[in-house]
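See below for the structure under consideration.
Taken together, the values in this text are just the output of simple stated rules run on the coordinates, not laboratory data. As the structure is a prediction and not an experimental result, all values here were calculated from the model. FYI the Cβ positions are ideal-geometry reconstructions off the backbone, even for glycines, and counts take in every protein chain you see.
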Amino acid sequence: MAPRRIKPSLYISVDIEADGPIPGPYSMLSLGAAVAGRQDADGLTAADPEERTFYRELRPISEEFVPEALAVSGLDRERLEREGAEPAAAPSGTRGAWT
């Protein structure tokens, strides 16, 4: 019997910042992801998190927010209302794409 081959796994770390506790009434303000490492038969090889990353700031979807939740991110809602990406289009395009 041939030895079992282990398929490599890619680990990705994802983080979001929101201005409240639940989706719908509140907004996701940013989305970020970075390749953390690759696991294969030889073990885990850490990746440079700045080598393959995605980050996008989003336009708020409502007027509601929890000041304490917003304070955690340090993001400026007024700036995001003007400059944030449209949430439905956030994953596409070149701005904020995987680098």
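With K and R counted +1 and D and E -1, the other residues having a Cβ less than 9 Å from that of residue 9 yield a net charge of +1.
Dimensions of the range 1-74 along the principal axes, based on C-alpha atoms and rounded to the nearest Å, stand at 62, 26, 18, largest first. Positive contributions from Lys and Arg (+1) and negative ones from Asp and Glu (-1), summed over other residues with Cβ under 9 Å from the Cβ of residue 59, come out at -3. The distance from the alpha carbon centre of the range 5-26 to that of the range 40-74 is 8 Å, rounded to a whole number. Taking the inverse of the mean 1/r over every pair of distinct Cα atoms in the range 33-85 gives a Kirkwood hydrodynamic radius of 13.9 Å.
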